[in-house]
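Engineer: Before I ask anything, let me first share the structure, which is written out below as structure tokens.
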Amino acid sequence: MMTTAPPTSMAISARGVEKAYVTGDTKVTALRGANLEVKPGEIVMLVGPSGCGKTSLISILAGLLARDGGDLEVFGQDPQALSNEARTTWRREHIGFVFQQFNLIPTLTIAENVAIPLVLHGVSRRDACERAVLALAEVGLEGRQASRPNLLSGGQQQRVAIARALVNEPKLLVCDEPTSALDGQTGQRIMEIVARVGRYGDRAGVVVTHDERIFHLADRIVHMDDGRIDRIGPPPRRNHHD
């Protein structure tokens with residue numbers, strides 16, 4: 001049974017999070033006491049060189065990966081304190097994922113693609129598709145629910161992936177390089193959607209990115225290096241000539 005989380009003023013509170021990977025006699029330390037707080041309604045971008053621990057950190061925040069040390073609460077819940085079954089349910093109900101690969105099923109309509117998480121959760125096909133249509137409208141694809149993925153542009157397919165992440169009305173939106181497969185202008189529009197829906201209500205968003213062109217859409221930029229949070233600062237001011 002899922003535990004009832006106490007009220008919390010933070011969407012994410014991570015303190016001293018550690019993670020290492022061991023293969024044979026080789027140990028690779030991915031996180032060395034990472035500290036991060038994210039407020040409800042906030043979009044935070046994680047930036048830093050490849051291998052600095054960004055993916056490990058968001059995987060732990062989303063309950064996909066167990067940490068080796070430190071403390072974590074995501075909207076008042078420590079995902080690691082849950083059983084495997086309860087953690088899967090918690091993740092399905094509270095976390096929305098957007099990846100650089102769209103991972104759409106070509107034989108299904110985009111509404112059916114978006115409805116998949118709901119159907120897996122036991123929602124009837126009819127109700128799931130109705131909610132999928134609403135999620136598609138939220139990302140600007142109203143009226144396209146019967147289209148197949150191959151009829152959409154890359155940017156439109158990423159919008160479908162965002163709608164799929166939102167259909168369960170998650171509290172935390174986790175994005176891993178959501179604009180890397182897109183051209184600059186399309187990536188900008190996609191990130192504007194992520195920023196808007198990620199801030200809605202008491203949601204929060206954590207975005208891993210190397211794309212400096214979208215930094216201005218964050219509330220804060222979190223710089224990582226060698227498994228630690230190196231510094232946290234405001235986003236750069238956007239040049240109006242961009």
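Engineer: Evaluate the charge dipole of the range 171-215 about its Cα centre and quote only its size in Debye, nearest 20, assuming +1 on the Cβ of each Lys and Arg and -1 on the Cβ of each Asp and Glu.
Structural biologist: So the magnitude is around 280 debye.
Engineer: Also, quick follow-up: Based on Cα coordinates alone, diagonalise the gyration tensor for the chain, multiply each eigenvalue by 5, take square roots, and list the semi-axes in whole Å, largest first.
Structural biologist: 28, 23, 17
Engineer: Could I ask something else about it? Quickly estimate the mean residue ellipticity at 222 nm for the chain, helices only: each DSSP H run with n ≥ 4 gives -39500 (n - 2.57), and the total goes over all residues, rounded to 500.
Structural biologist: Value at 222 nm, helices only: -9500 deg cm²/dmol.
Engineer: For the range 1-86, what's the radius of gyration and Dmax over Cα atoms, in angstrom?
Structural biologist: 13.7, 43
Engineer: Defining a contact as two alpha carbons under 8 Å apart and six or more residues distant in sequence, what relative contact order in percent does the chain show?
Structural biologist: Computed value for the chain: 27 percent relative contact order.
Engineer: Where Lys and Arg each count +1 and Asp and Glu each count -1, what net charge lies around D202 among other residues with Cβ under 13 Å from its Cβ?
Structural biologist: Net charge around D202: +2.
Engineer: Right, something else. Work through the residues other than L182 whose Cβ is under 12 Å from its Cβ and net out their charges, Lys, Arg +1 and Asp, Glu -1.
Structural biologist: 0
Engineer: For the range 185-242, what are the per-bin percents of Cα-Cα distances with bins 5 Å wide, up to the bin holding the maximum?
Structural biologist: The distribution over the range 185-242 is 4, 16, 26, 25, 17, 10, 2, 0, given as percents.
Engineer: Dipole size in debye (nearest 20) for the range 12-233 around its Cα centre, Lys and Arg Cβ +1, Asp and Glu Cβ -1?
Structural biologist: The calculated dipole for the range 12-233 is roughly 320 debye.
Engineer: Summing +1 for each Lys or Arg and -1 for each Asp or Glu, what net charge is found among the other residues whose Cβ lies under 13 Å from the Cβ of H121?
Structural biologist: Residues near H121 contribute +2 overall.
Engineer: What does DSSP give for the chain in terms of the percent of beta bridges that are antiparallel, rounded to the nearest 5?
Structural biologist: 55 percent
Engineer: For the range 41-134, what number results from the quotient of the Cα radius of gyration and 2.2 N^0.38 Å?
Structural biologist: Against the compact-globule rule of thumb, the ratio is 1.29.
Engineer: If you consider only alpha-carbon coordinates, what radius of gyration and Dmax does the range 158-221 have, in Å?
Structural biologist: 10.9, 30
Coordinate-derived values only; no laboratory data. On a predicted model such as this, the values are computed, not experimentally measured, just so you know. For neighbour counting, all protein chains shown are included, and Cβ atoms are generated from backbone atoms with ideal geometry for every residue, glycine included.
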